[in-house]
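Read the structure below first, then the notes.
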Amino acid sequence: MHRAEAGKSPERIAIAENERENAMKQWIVFHAWFMTAAAAFGGVPDFHRGVNLTGWMQAAGAHRIQFARYTKKDFQDIQSLGCDVIRLPLNLHAMTDGAPGYTVDPLFFRFLDSAMDWAEELGLVLILDNHSFDPSENTDPAIGDILVPVWKQMAAHCRNRSDRICYEVLNEPHGISDAAWNAIQQKAIDAIRSIDTTHAVVVGPAGWNGYGSLGAMPRYKDAKLIYTFHFYDPFLFTHQGAGWADPSLVPLAGVPFPYDPARMPSCPSALLGTWVENSLRYGYALDGTEQRVREALDIAASFRGKRNVPVYCGEFGVYMPHSDKKERAGWYKTVRSHLEEKGISWTIWDYRDGFGLFEPGTAELFEHDINTPLVEALGLDAPAQTPFVPGPDSTGFGLYSDFVHENIRESSWISEGLLDFYCDTSPVSGSACIHWSGSAQYNAIVFAFRPYRDLSRLVQNGYALDLWVKGDPPASKFDVRFIDTKTAEADDHPWRMTAVVDEKIADWNGAWNHLSIALGDFTEQGSWDVNAWFNPQGRFDWTDVDRFEIAAEHLDLDGMEFWFDDIHITGP
């Protein structure tokens, strides 16, 4: 029996079996259509279902990418769901040295090569999405001055890769006329083709890649193009709670899908007088229906049929914090089913985070935290889930060596100065170290554990924080500290367990210092929480450690610089 069917009645099991049989028939038709279309459309790679892999290469620069945030295992996990494509958003313009040449940082290419290697080895299509995108800023009419040199370099670097690699010119151009954007996109296509005539290029319309703007695109002559659009209708349902919308939809919650007049929320006071109020009162009754969703998707399907070109939905999704879990899954099923019925391939936004496939408030572990009903609504294969059972660490582990280690989120807060995780100036070992300079007081380098860690046994057994540090500012000091997890108890706070690094234990002479600080020698230093300071109460919990920090707690580090390498928790 299927895992999810345990305890169901025979009637419900029969219904589930029928649904799976129908989904399989639909999948066979969809796959056959796309295989035929792929051959007809100039040999673009065939792909069907996938995810956007967000929050990885969308950093502010190559030296801020947390490379181990995703690994080959994540690519394997995604494939095991039944996906055959990954759209990889890249903050591509930030990976360059800027005007006038926009030379791409070799470090970025090093990271990108690993992602392409994993995709090719697994037979996945990988779409390199130029996600140099700010929703608050209109697309610059001069953006072609960046797109041309950047895409020439990308094409030169990737032209010998397999045809499973695709290029996407630019995510969601907006605030620019169709004619202006179409001409710019043509220049980008020409720039790519001057170097690489092999790989497919994903092109999309202005107007945020809206399906309604597909028809405004020209009939590009290139035979290896895939036309993309994004889908988030009805917006009040998919984006309730979203702070980046205009106006902010953070106050909005409880919008149902499909529309149900008895359950419609009143308009939040902050949104009175905006388009949101009007939509809640009048428009949503029409927009918030499955029929309207299908009609909107039919616009993209009609474009595909008229132009006889491959069409791909690069993004669709529902922001989870304020949406009903069951209705969210129902929306995905409606959209996914209709896309596949019309022969349109797709990648959801996204894999993890606010639109993702995992349960909210979890560490997003593939074996423990998958939102199974949502995955099944997408027609994917939900892995068997087991409860996450925390236990104490029994051996040491690394935090940083050449890059931040797996299952750790780099969550630093740097308001001033520079932080580089890939400084290649005389590291202790390997190819890189951390360089931190000009930091303001209270800024911190943060290593957030996902999931949290139980270090209690390591404390008892004499384990230590082991690291290398160098610097040359006299009389400077900073804290190294562990922060425990704030619980739901009203009087609990994220307590700190701290050690001070100063001239008493390190020589600030520009040479590397090897430090080993026993975990048992850290002392509790209180907590900063909800804009208030709480004195220590002896409540720090080594069984529930949320993160490790290197913090400018004592003074501004303006004009000072430090280097760190090989940060580990090691045995005595």
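The values are calculated or read from the model by the stated rules, or taken from the named source; none is laboratory data. On a predicted model such as this, the values are computed, not experimentally measured, just so you know. Please note: Cβ atoms are built from the backbone with ideal geometry, for glycine as well, and neighbour counts cover all protein chains shown. These area figures cover heavy atoms from the full protein model, side chains too; ligands, DNA and RNA do not enter into them. Shrake-Rupley method; radii C 1.70, N 1.55, O 1.52, S 1.80 Å.
Overview of results
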| read-out | value |
| --- | --- |
| Part-to-part distance (alpha-carbon centres) for region 532-572 and region 461-522, which is given in Å | 5 |
| Approximate spin-label separation Leu365-Glu120, in nm, with each point projected 7 Å along Cα-to-Cβ | 3.4 |
| Inter-probe distance in nm under a simple model that places probes 7 Å from Cα toward Cβ, at Asp472 and His514 | 2.4 |
| Cα pair distances in region 419-572, grouped into 5 Å bins until the bin that holds the longest one, percent each | 2, 9, 17, 22, 20, 16, 10, 4, 1, 0 |
| Additional length obtainable on full extension of the chain from Ala156 to Thr523, 0.36 nm per residue less Cα span | 126.7 nm |
| Global size of region 140-243 as Cα Rg and Dmax, reported in angstrom | 14.8, 44 |
| Cα-Cα pairs of region 60-121 separated by more than 19 Å (percent) | 37 |
| Computed label-point distance, nm, for sites Thr487 and His405 using a 7 Å Cα→Cβ extension | 2.7 |
| Gain in span if fully extended, Asn531 to Asp298, counting 0.36 nm per residue against the direct Cα distance | 78.8 nm |
| Calculated Rg and Dmax of region 407-465 using C-alpha coordinates, Å | 14.7, 39 |
| Region 358-447, Cα convex hull volume normalised per residue, Å³ | 180 |
| Sequence-distant residues sharing a close amide H with Arg87 (under 5 Å, placed H) | Val51, Asn52, Leu53, Ile127 |
| Spin-label zone in region 542-560 - amide nitrogen under 18 Å from a point set 7 Å from the Cα of Ser415 along the C-beta vector | 550-560 |
| Centroid-to-centroid separation of region 162-223 and region 390-425 [C-alpha atoms, Å] | 37 |
| Over 17 Å [Cα-Cα, region 160-216], rounded percent | 39 |
| Ranked packing of 227-238, 276-287, 111-122, most packed first, by mean Cβ within 10 Å | 227-238, 111-122, 276-287 |
| Per-pair calculated FRET efficiency, R0 = 22 Å: Thr372 and Lys72 via Cβ, rounded to 0.05 | 0.35 |
| Portion, in percent, of the accessible area of the chain that falls on carbon or sulfur, probe 1.4 Å | 51 |
| Where the chain is the region considered: accessible area per residue in Å², 1.4 Å probe | 42 |
| 20 °C / 1.002 mPa s Stokes-Einstein diffusion coefficient of the chain, Kirkwood radius on C-alpha pairs, µm²/s | 82 |
| Theoretical FRET efficiency, 1/(1+(r/R0)^6), r = Cβ-Cβ of Gln441 and Phe388, R0 35 Å, to 0.05 | 0.40 |
